[in-house]
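Participant: Please read through the structure below; I'll follow up with questions.
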Amino acid sequence: MKNYSIKDIAEIAGVSVATVSRVINDNGRFSEETRKKVLKVIEETGYKMNYSAKNLRMNKSFTIGILVPDISNYFFSDVVQQLEEILFAKGYSTIICNTSRSSEKELAYLRILEGKGVDGLIVISGAEAFEFDSSGAEKKIPYICIDREPKKKEDTIFISSNHYQGAFESTEELIHQGCQHPVIAMHNQKSTSAKERLNGFKDALKKNNISFNTKQHLLALDIEDSNFEEDLLAFLKKNPNTDGIFSINDLIALELMLRLKKNHIPVPQKIKLIGFDDTAFGKYTTPTLSSVKQNTDLIATHAVESLLELINKKGELGRQIVVPVSLVLRESSKV
């Protein structure tokens, strides 16, 4: 099979080499008719572009780094999958880095991604405000933060679900279903999303004339702690009137449902329960789990579009994009 050059493609298509280059790189002016004609010749000849030469010429690697704190988390893995699919369709490969919520591992991955010359970076969640200085690298690397507040907002674009809205509506739903003593169940991680969900819970209580008290309304739990059940029962013993729980995520909610059932505390008859993330497992529990659904498709789309704009020096830094959430009601919160 003949190895065709870009010059050959131009001659067959009846256009200039520059036009073929513009079509391949999707950059510059050309008609739709010309684009189709060039792409048809490329397909028919089996022309393969020299990506290494292209990368050197354009100072681009067509690779995006994605930092994720826990790839086993349903929300994180869903967002990463959406990001990978959209980026692939736009001609970019991805390097997915699971930091295991370790700042040391995150820093190591950042250095690795710099060394690989990624064109951009997408950072998903994390307990601390994110900061990234790529001034020491061969090229400046733009980055997007998803659910993780950047230290320097003027250097990036911050994309987040409306965590406040999700928590507020969930708490209001519990109260409307008759709960007079709702609590929020949460871990000790001080992420941006966790803070917003706590604020939403507090404001829903305030709107309904319930004064927030940490000892009565905040159930702090560690999903990996062997004392999870003991801590839950101790809280309920101190607060026997607890009749509703808004869980900061579905993982904690599902664990709560299991432990409550084990101790003959029926959901929703005794305690109503709403989670956050709308994981697939919630549809198959007994009772099925009410939860807040995040729009991962829209989050990923905003992230990719914003990052590619920054890579092409067209994006506006310092913006925040808030994506609405929706409350999915199932059996665990109904009368």
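The values are calculated or read from the model by the stated rules, or taken from the named source; none is laboratory data. Predicted model only: the values in this text are computed from it and were never measured. Cβ placement follows ideal geometry from the backbone for every residue including glycine, while neighbour counts extend to all protein chains displayed.
Participant: Going by the structure shown, is L310 among the aliphatic types (A, V, I, L, M), surrounded by 13 or more Cβ atoms within 10 Å (Cβ to Cβ) and over 18 Å from the mean Cα position of the chain (by Cα)? Step through it out loud before you land on a result.
Facilitator: Numbers: among the aliphatic types (A, V, I, L, M): yes; surrounded by 13 or more Cβ atoms within 10 Å (Cβ to Cβ): yes; over 18 Å from the mean Cα position of the chain (by Cα): yes.
Here the answer is yes, as L310 does meet what is asked.
Participant: Moving on to the next point. Which residue is nearest to the chain's Cα centre (by Cα), if the candidates are limited to the stretch 175-211 and must be among the small types (G, A, S) and closer than 23 Å to P268 by Cβ?
Facilitator: So the first thing to find is which residues in the stretch 175-211 are among the small types (G, A, S), and the list is 178, 185, 191, 193-194, 200, 204, 211.
Now restrict to residues that are closer than 23 Å to P268 by Cβ: 178, 185, 200, 204.
Details: G178: 33, A185: 21, G200: 20, A204: 25 Å.
In this case the residue turns out to be G200.
Participant: In the same structural domain as L67 (by TED's automatic domain parsing), touching a helix residue (DSSP H, G or I) at 6+ places or on another chain (Cβ under 7 Å) and closer than 26 Å to F276 by Cβ: is that true of S125 in this structure?
Facilitator: Details: in the same structural domain as L67 (by TED's automatic domain parsing): yes; touching a helix residue (DSSP H, G or I) at 6+ places or on another chain (Cβ under 7 Å): yes; closer than 26 Å to F276 by Cβ: yes.
In short, yes.
Participant: Please list, ordered by residue number, the helices (runs of 4 or more DSSP H) wholly in the stretch 142-218 having 2 or more residues that are within 29 Å of E131 (Cα to Cα). Reasoning before the result, please.
Facilitator: On the way: elements: 163-176, 192-207, 214-217.
Passing ranges, in order: 163-176, 192-207.
Participant: Which of the residues spanning the stretch 240-267 are more than 22 Å from R197 (Cα to Cα), assigned to a loop (DSSP other than H, G, I, E, B) and not aliphatic (A, V, I, L, M)? Working first, answer last.
Facilitator: Taking the stretch 240-267 first, the residues more than 22 Å from R197 (Cα to Cα) are 240-241, 258-267.
Checking the rest, the ones that are also assigned to a loop (DSSP other than H, G, I, E, B) come to 240-241, 263-267.
Listed by number, the residues that qualify are P240, N241, N263, H264, P266.
Conditions (1) under 25 Å from E331 (Cα atoms); (2) touching a Pro at 6+ places or on another chain (Cβ under 9 Å); (3) surrounded by fewer than 21 Cβ atoms within 10 Å (Cβ to Cβ), marked per residue:
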| residue | (1), (2), (3) |
| --- | --- |
| E173 | yes, no, no |
| Q177 | yes, yes, yes |
| N209 | no, no, yes |
| A220 | yes, no, yes |
| F228 | yes, no, yes |
| L236 | yes, no, yes |
| S247 | yes, no, no |
| A253 | yes, no, no |
| L260 | yes, yes, yes |
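Participant: Part of a loop (DSSP other than H, G, I, E, B) and over 26 Å from S191 (Cα atoms) - does that describe any residue in the stretch 270-277?
Facilitator: Initial filter on the stretch 270-277 (part of a loop (DSSP other than H, G, I, E, B)): 270-271, 277.
Narrowing further to those that are over 26 Å from S191 (Cα atoms): 270-271.
Taking every residue of the stretch 270-277 in turn, at least one turns out to be part of a loop (DSSP other than H, G, I, E, B) and over 26 Å from S191 (Cα atoms).
Participant: Just to be sure I understand the filter: pairs with C-beta atoms under 8 Å, separated by 6 or more residues or on different chains, first member in the stretch 307-324 and assigned by TED's automatic domain parsing to the domain that holds L83, second member in a helix (DSSP H, G or I) and exposed (fewer than 13 other Cβ atoms within 10 Å of the Cβ). Which pairs pass?
Facilitator: L317/E154; G318/E154
Participant: If I filter the stretch 141-153 for residues that are more than 26 Å from D297 (Cβ to Cβ), at pLDDT below 95 and surrounded by fewer than 21 Cβ atoms within 10 Å (Cβ to Cβ), do I get at least one hit?
Facilitator: Within the stretch 141-153, the first condition is being more than 26 Å from D297 (Cβ to Cβ), and the residues that meet it are 151-152.
So of that shortlist, the ones also at pLDDT below 95 come out as 151-152.
Keeping just the survivors that are surrounded by fewer than 21 Cβ atoms within 10 Å (Cβ to Cβ) gives 151-152.
Scanning the stretch 141-153 turns up at least one residue that is more than 26 Å from D297 (Cβ to Cβ), at pLDDT below 95 and surrounded by fewer than 21 Cβ atoms within 10 Å (Cβ to Cβ).
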